[in-house]
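**Student:** Let me begin by handing over the structure; questions about it come next.
The values are calculated or read from the model by the stated rules, or taken from the named source; none is laboratory data. These numbers were taken from a predicted model, which means no experiment stands behind them. Because the Cβ atoms are built from the backbone with ideal geometry, glycine has one as well, and the counts that use them run over all protein chains shown.
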Amino acid sequence: MPEHFTPANMSFEAAFRGEPNQHLQSWLADVFSLCDPERIILCTGEPAQQQELLDCGVLDGVFIPLNQQKLPGCYLHRSHPNDVARTEQCTYICAPHKDFAGPTNNWMASRQAYGLLRGLFAHSMRGRTCYIIPFLLGPVGCPLTRVGIEVTDSLYVAASMSIMTRVGLPALEVLGDSDDFTRCLHSIGDCDPQRRYICHFPLDNTIWSFGSGYGGNALLGKKCMALRMAGYMGLQQGWMAEHMLITGVQHNEQKSYVAAAFPSACGKTNFAMLIPPESYKRRGWRVTTVGDDIAWLWVDHRDGRLRGINPEAGYFGVLPGTNWQTNPNAMSTMAHDTIFTNTALLPDGDVWWEGKTLEPPPHAIDWTGQPWTPDCGRKAAHPNSRFTAPMKNNPALDEAAMDPAGVPISAIIFGGRRSSTIPLVYQAFNWIHGVYVGATLGSETTAASTGKTGVVRRDPMAMLPFMGYSISDYLIHWFRMRRKMADCPRIFHVNWFRKNNRGEYLWPGYGENIRILEWILNRCQGKASAVESLLGWMPRIQDINLSGIEVKPADLAEAQRVDSEAFKAELLAGEELFLKMAGELPKEMIFQRELLISRL
Ligand code: GTP
Ligand code: SPV
Ligand code: MN
């Protein structure tokens, strides 16, 4: 058993090895008297303690050890079958007034939310162990770096947070005697979807999550703090927290960084870990990962450029479709010290998911623990099965991934999953137009959230589920950021997912996306040609390098086709969001829509 203490014998001085922070101490005392845990463990983030947690998890049935020869330090976790993805309908922004949350968020009055959740949390940890997890978002020494303290009764959450964030004493050191930390309280409760609430109190720097153990609902450092809470901090302090990857590109003896916002399960991890095809590697191209899911962005007052960091320290990545062809860097990353969630288990203690190998295994245990064969009519792994791995495992980790100074951003790319209508790539005319393009982003829903998949919805900046305050204020913040910048990143839109009338992807995607990135980087440097279209600047077919791939120019032309009739329908679909925002719609949005209509 890890070193633990009980509420009765609790000595903060001993547990925290020094002066206890009075604010932290009084918050913890409140939490313990409400939840009434039997044992308390302070997570130190040290490897030996992480191993003890994993070992305890094996004894408790939380983790299944995998084949340690093949997959050292790897474990499988099976979640409750009703707890496999984010539940947006249970996610609330809580403030005294509804205006704060805006028209796209669920809102609950703070007082009501605290009352309701106090009832649920009361004695919820009785007889259970609770974990105190001090964590940092961002590298030590970065001005944006923030402290969070999560208290949870889930061992899976404790073990996962140590992979996903910088856990332990460094966080307590950064905190010192300050009151400035995000108070994150989590209990898995009885995992009943009827009693599941993920409540954010941005005005109190507080998150209360009850009734789910799933990543985005329970690892409170991730979407809850690094996007919803940090988004609100950024609004007040003049920076941005975005659902974006950041990737470094070595090309033509230069290094550039791009940030890209794609909705959940629409390709961020893959793009951030892209391996260029041989012909590009020979020309010295290399892609390295800063972050795969969340970016914190600010303007450097010395040169007026946008810079970014990845606040996380690990990846919580989608498994289905990931293999040695599509994403070798992800495969290497999860080769050791990784937690797999809701995959199939093979007889030799390896894991499997749909798309891992061309040939499915002859038999396996599926993600629910049932025997499985390829012809049984069920999926072996859950469509939202994921891996949790430390970013230091990534062979393509960027040298600046942990640099507190962050990296300069040359381009921002928005992208959605769209089987029709939306072209492979275009460039916005300018920042204001780019913000409009991001704000009207549409994408087909995926298994990352519960509910129907494959339905096109508006997902502004891929942030719809992660907005910590009102969308109108969010868009105004985006427009205003331009004024802080001397030179702003160019803004682009991509769609890797357009299909032909036989339902096949028109563009090969993955590593070949470097060809599109090449045009993007050349545009940023004023080197590539483009033609003006009704959507923005577009490459001609000859502006995209197709040497060494089997993409026919006709297919590329089809992937790039802009049909003005289809776009009128797209414009009408965008009204869904505009109507919701009604009187709050920023005037720049109205102007951009008028300009698009006149081009149509
Ligand atoms: P979150 O972690 O949910 O935020 O997702 P993400 O944006 O990081 O998505 P990820 O890169 O994990 O990709 C999700 C799915 O899209 C996987 O099944 C990938 O195999 C698939 N995918 C990613 N990039 C491409 C691409 O360029 N083309 C095609 N056809 N599929 C892709
Ligand atoms: C997403 O859904 O966008 C994810 C996974 O990155 S989760 O952290 O669970 O939200
Ligand atoms: Mn995400």
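**Student:** Looking at Ser178 and the list (1) farther than 27 Å from Val62 by Cβ; (2) part of a helix (DSSP H, G or I), which single condition is not satisfied?
**Tutor:** Unmet for Ser178, out of (1) farther than 27 Å from Val62 by Cβ; (2) part of a helix (DSSP H, G or I): (2).
**Student:** Can I ask one more? Scan segment 186-194 and give yes if some residue there is in contact (Cβ under 8 Å) with a residue 24 or more places away in the chain and assigned to a helix (DSSP H, G or I), otherwise no.
**Tutor:** Yes, there is a match, as at least one residue in segment 186-194 is in contact (Cβ under 8 Å) with a residue 24 or more places away in the chain and assigned to a helix (DSSP H, G or I).
**Student:** Related question: Can you go through Ala295, Ala265 and tell me which one is among the aliphatic types (A, V, I, L, M), more than 9 Å from ligand 1 (Cβ to nearest atom) and farther than 15 Å from Ile516 by Cβ?
**Tutor:** The match here is Ala295.
**Student:** How about segment 274-299: which of its residues are touching a Pro at 6+ places or on another chain (Cβ under 8 Å) and assigned to a loop (DSSP other than H, G, I, E, B)?
**Tutor:** Within segment 274-299, Ile275, Trp285, Ile294 meet the criteria.
**Student:** Evaluate the following for Thr247: is it closer than 19 Å to Gly511 by Cβ, in the same structural domain as Gly355 (by TED's automatic domain parsing) and buried (at least 22 other Cβ atoms within 10 Å of the Cβ)? Show your work before the answer.
**Tutor:** Values: closer than 19 Å to Gly511 by Cβ: yes; in the same structural domain as Gly355 (by TED's automatic domain parsing): no; buried (at least 22 other Cβ atoms within 10 Å of the Cβ): yes.
The answer is no for Thr247.
**Student:** Is at least one residue of segment 311-325 buried (at least 17 other Cβ atoms within 10 Å of the Cβ) and farther than 23 Å from Ser160 by Cα?
**Tutor:** Checking segment 311-325: not a single residue is buried (at least 17 other Cβ atoms within 10 Å of the Cβ) and farther than 23 Å from Ser160 by Cα.
**Student:** If you don't mind, there's one more thing I want to ask. How many of the residues in segment 321-337 are among the small types (Gly, Ala, Ser) and outside any loop (DSSP other than H, G, I, E, B)? Working first, answer last.
**Tutor:** Just the residues of segment 321-337 that are among the small types (Gly, Ala, Ser), to begin with: 321, 330, 332, 335.
Cutting the leftovers down to outside any loop (DSSP other than H, G, I, E, B) gives us 330, 332.
Here the count works out to 2.
**Student:** What is the number of the single condition among (1) more than 26 Å from Cys224 (Cβ to Cβ); (2) outside any strand (DSSP E or B) that Ala381 does not meet?
**Tutor:** Every condition holds for Ala381 apart from (1).
**Student:** Moving on. Among the residues of segment 198-205, are any of a type in the set (Asp, Glu) and either more than 30 Å from Arg483 (Cα to Cα) or crowded, with 24+ Cβ neighbours inside 10 Å (or both)? Explain how you work it out, then say what you get.
**Tutor:** Of segment 198-205, the ones of a type in the set (Asp, Glu) are 204.
Checking the rest, the ones that are also either more than 30 Å from Arg483 (Cα to Cα) or crowded, with 24+ Cβ neighbours inside 10 Å (or both) come to none.
Looking for residues that are of a type in the set (Asp, Glu) and either more than 30 Å from Arg483 (Cα to Cα) or crowded, with 24+ Cβ neighbours inside 10 Å (or both), one finds none in segment 198-205, hence no.
**Student:** Determine whether Val299 is more than 15 Å from ligand 3 (Cβ to nearest atom) and either modelled with pLDDT of 95 or more or buried (at least 23 other Cβ atoms within 10 Å of the Cβ) (or both). Steps first, answer last, please.
**Tutor:** Values: more than 15 Å from ligand 3 (Cβ to nearest atom): yes; either modelled with pLDDT of 95 or more or buried (at least 23 other Cβ atoms within 10 Å of the Cβ) (or both): yes.
When the stated conditions are applied, Val299 passes them.
**Student:** Please state which of the following conditions Pro276 fails to meet, knowing it meets all the rest: (1) within 16 Å of ligand 3 (Cβ to nearest atom); (2) assigned by TED's automatic domain parsing to the domain that holds Phe492.
**Tutor:** With respect to (1) within 16 Å of ligand 3 (Cβ to nearest atom); (2) assigned by TED's automatic domain parsing to the domain that holds Phe492, Pro276 is out only on (1).
**Student:** Right, next: So which residues in segment 132-166 are assigned to a helix (DSSP H, G or I) and hydrophobic (A, V, I, L, M, F, W, C), if there are any at all?
**Tutor:** In the first step, residues of segment 132-166 are kept if they are assigned to a helix (DSSP H, G or I); the result is 155-164.
Listed by number, the residues that qualify are Leu155, Val157, Ala158, Ala159, Met161, Ile163, Met164.
**Student:** Here is a further query. For Lys255, all conditions in the list (1) in a loop (DSSP other than H, G, I, E, B); (2) surrounded by fewer than 24 Cβ atoms within 10 Å (Cβ to Cβ) hold save one; what is the number of the exception?
**Tutor:** Unmet condition: (1).
**Student:** Now for a separate question. In segment 533-580, how many are surrounded by fewer than 11 Cβ atoms within 10 Å (Cβ to Cβ) and outside any helix (DSSP H, G or I)?
**Tutor:** Here the count works out to 2.
**Student:** When Met244 is evaluated against the numbered criteria (1) over 12 Å from the mean Cα position of the chain (by Cα); (2) within 14 Å of ligand 2 (Cβ to nearest atom), which criterion, by number, is the only one it fails?
**Tutor:** With (1) over 12 Å from the mean Cα position of the chain (by Cα); (2) within 14 Å of ligand 2 (Cβ to nearest atom) applied to Met244, the lone miss is (1).
**Student:** Just to verify a result, which residue in segment 30-83, among those that are acidic (Asp, Glu) and part of a helix (DSSP H, G or I), is farthest from Ala389 (Cα to Cα)? Please lay out each step first, then the result.
**Tutor:** Taking segment 30-83 as the starting set, the residues that turn out to be acidic (Asp, Glu) are 30, 36, 38, 46, 52, 55, 60, 83.
Okay, now just the ones that are also part of a helix (DSSP H, G or I), so 30, 52, 55, 60.
Working: Asp30: 33, Glu52: 18, Asp55: 17, Asp60: 22 Å.
Top of the filtered list is Asp30.
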